[in-house]
Amino acid sequence: MKLRYVKTEVVLGTLVALALASSATGQSMAKIWTSDVVADRQRLMKLNGASWADAQAKLKAGNVEAVAVNAETMTLIATQIVALFPQDSLTDKSKAKPEIWQKWPEFESAVKNYAMQAEKLRDAARSKDQAATEAVAKEFGRQACGTCHTPFRVPPPQQQPPSPPQQLQPR
Amino acid sequence: MELRCVRTGVILGSLVALAVVGCATGQTTTITGSGDPVADRQRLMKNNGANWAEIQAKVKAGNAEAVAVNAEALSLHAQRIPSLFPAGSLTEKSKAKPDIWQKWPEFQAAAKNLENRAGTLRDQAVAKDAAAVTATVATFGREACGTCHTPFRVPPPQQQPAPPRS
Amino acid sequence: MGSQARCLVLALLLLSPALLSKSAAAQTPSAAEIARGKYIFGATGGCGCHTVPKEPVNAGGRKYDGPFGTVYSSNITPDRETGIGSWTDEQIITAIRLGRRSNGERLVPVHPYTVFNGMGAEDLKPLVAFLRTLPAVKRANQPKKITVPMFESVFLPAWLAAFAPRETPPTAVPTSGPARGEYLVRAVGHCGECHTPRTMTMATDNSRFLAGNPKGPEDSEVPNITPDKATGLAWSEEEIADYLGTGNKPDGDVAGGLMGEMIEGTLAGYKDLTKADRLAIARYLKTIPAVKNKIGK
């Protein structure tokens, strides 16, 4: 292959491949969220909180197996988190800390950890073992949520009153 | 340019492009979870079902206002649905119908319908309007889930009894 | 005019209101009858085979492929040229139950007339009355494409006589008890048309009633709904009744596909059955023989 030809072809090929790649993933990368990524992640986090509050209420009532739904919801939601913290999304409204982007691998780790902890909670609940579920739940707040919230989130200035699992606001 | 050179170029170029695209998506996208859209969407759908079963149970137990968390889960999950059905994901394991991609705008509308109805249910629960919640729940299965399941999903060949719930 | 003729004309003029009102009375169904007709319509699943989804109700045109070729469902709206508007009640009922059109043509039993033969006259007449109240839609029936030689003249009559199980009509439509559930399942709801496996001749195999069909309509895998613990339906009566009324399944799933269509119906569907009737269906399903037949993997 002559070098000159390779270069042209590489360019052509790249263009072709990129075009194909973008059209192939076009549908899968269709807009999922609103254009306000901060609002979207706050909504998601509120659901995490509500799910966790609901799970605790269930456990308190002795309703072990039902915790699995909440835990699985949290695991599924967790897969969304990383994509909701793109570069330059640190706005006025956001409670994210710049550390997220300064220590990105740590942030990703914390998110993966959250997903893993939620799966642990789910599996314990599915086994219907109350003691095992309570053991995971005891640490969950700190282990699953705290390991991220502590380094990466600005705490709310005013504590919300304890509410029924009704932390979700009408939109 | 000779054809052979073009072909080589396309191959080389594709590798370059894939590398570029791969890096670009690698950092920000763990959207699909496992990377297998069929497994991911089946998992999401199961959670939808579990949340819906819980909504019905709560209403039955006279606890209509407590469904907000479940309704919100449904609404957020619904937002992801179209992205979990990329072109070419109709594998053997999938229960999706080819109609999804043949009628893509309709499919998107059905997912949006679930998102909106679940959002309404959530708002009714947050507003503590038990009567509204009960009324919505009475037809939610057909109107929020059935409107998609009827045209776009291959029904399961055997009926499952009541859950383990997740 | 001669005096005799004048008398005749006068007599006719005097009698005509009576004559007209008598025939009008015979033809105008009451609101109650039409309501009953709508209920039966829903109990069949809304005659959904005659409606293409999202198109006008009962205008026909839905495609069915079979070993015989291809047929399209007929227009059963009251349109006089393209529908059944010019047919008498008896002609419509004959088509429903016996599979013969007003022009003598035999229906291909995609329309399950051997099963609808199990419907009672007290239900069929109101059903026809209801059908006549729907909007007339002008849509010509699409002709069938039969690929089997001598199908209508030889094969179909022989098949009907030899293989197709035929339901028998009740002397009176059962209104409660086990007979009610049996009536709704075997005849009106025509559940067996999808849920009963077929023999090699494509007739329903009623020795395995409702035991599921791995190759059902539109290539569906249709579940076994006999009470077999391992391969059939393990739901409670309440859960079955609830499912028919809402599409909700006990595991949080929701009905889709053709069954979703039946429950939703068109102007009415299974979802509009009373709780008592849905429970009757559920109870009946618990009494049929449990047949081991695993559908799907």
One residue is enough: does the range B:120-140 have a residue meeting the conditions assigned to a helix (DSSP H, G or I), facing another protein chain (nearest Cβ under 7 Å) and more than 21 Å from residue A:69 (Cα to Cα)?
no
Working only within the range B:42-61, note down all residues that are assigned to a helix (DSSP H, G or I), hydrophobic (A, V, I, L, M, F, W, C), surrounded by fewer than 24 Cβ atoms within 10 Å (Cβ to Cβ) and more than 8 Å from chain C (Cβ to nearest Cβ).
B:44, B:45, B:57, B:59
In the list B:65, B:115, B:72, which residue meets the criterion of being more than 14 Å from chain C (Cβ to nearest Cβ) and buried (at least 24 other Cβ atoms within 10 Å of the Cβ)?
B:72
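Residues are listed down the side, and each one gets a yes or a no for (1) within 12 Å of another protein chain (Cβ to nearest Cβ); (2) part of a loop (DSSP other than H, G, I, E, B):
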site: C:201; (1), (2): no, yes
site: C:228; (1), (2): yes, yes
site: C:251; (1), (2): yes, yes
site: C:271; (1), (2): yes, no
site: C:278; (1), (2): no, no
site: C:282; (1), (2): no, no
site: C:289; (1), (2): no, yes
Select from the range B:125-154 the residues that are closer than 19 Å to residue C:243 by Cβ and among the aliphatic types (A, V, I, L, M) and write down the one among them that is nearest to the chain's Cα centre (by Cα).
B:144
Of everything in the range C:90-104, what is touching a residue at least 12 places away in the same chain (Cβ under 8 Å) and either out of contact with any Ser or Thr (no Cβ under 9 Å at 6 or more places or on another chain) or not hydroxyl-bearing (Ser, Thr, Tyr) (or both)? Give them in sequence order.
C:92, C:93, C:95, C:96, C:97, C:98, C:99
Within the range C:23-135, considering only helices (runs of 4 or more DSSP H) that don't extend past its boundaries, which have at least 2 residues that are over 17 Å from the mean Cα position of the chain (by Cα) and more than 19 Å from residue C:270 (Cα to Cα)?
C:31-43
Return yes or no: is residue C:219 crowded, with 19+ Cβ neighbours inside 10 Å and over 19 Å from the mean Cα position of the chain (by Cα)?
no
Unique match (being facing chain B (nearest Cβ under 9 Å), under 23 Å from the mean Cα position of the chain (by Cα) and either in a helix (DSSP H, G or I) or buried (at least 22 other Cβ atoms within 10 Å of the Cβ) (or both)) among C:244, C:258
C:258
Answer yes if at least one residue in the range C:209-231 is closer than 24 Å to residue C:39 by Cα and not β-branched (Val, Ile, Thr), and no otherwise.
yes
Looking only at the range A:47-77, filter to residues that are within 12 Å of the chain's Cα centre (by Cα) and either crowded, with 24+ Cβ neighbours inside 10 Å or over 18 Å from residue A:139 (Cα atoms) (or both); which one of those is farthest from the other protein chains (Cβ to nearest Cβ)?
A:74
Which listed residue, of C:181, C:189, C:216, is modelled with pLDDT under 95 and outside the structural domain of residue C:85 (by TED's automatic domain parsing)
C:216
Given the conditions (1) modelled with pLDDT of 90 or more; (2) more than 7 Å from chain B (Cβ to nearest Cβ), which single one is not true for residue A:82?
(2)
Cβ contacts < 8 Å: first residue in the same structural domain as residue A:48 (by TED's automatic domain parsing) and free of Cβ contacts under 8 Å to residues at least 60 places away in the same chain, restricted to the range A:102-116; second residue of a type in the set (Ser, Thr, Tyr) and in a helix (DSSP H, G or I), any location; separation 6+ or different chain. Result?
A:110/A:147; A:113/A:147; A:114/A:147; A:115/A:75; A:115/A:79
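The values are calculated or read from the model by the stated rules, or taken from the named source; none is laboratory data. Model, not experiment: these values are computed from the prediction. Cβ atoms come from the backbone with ideal geometry, glycine included; neighbour counts cover every protein chain shown.
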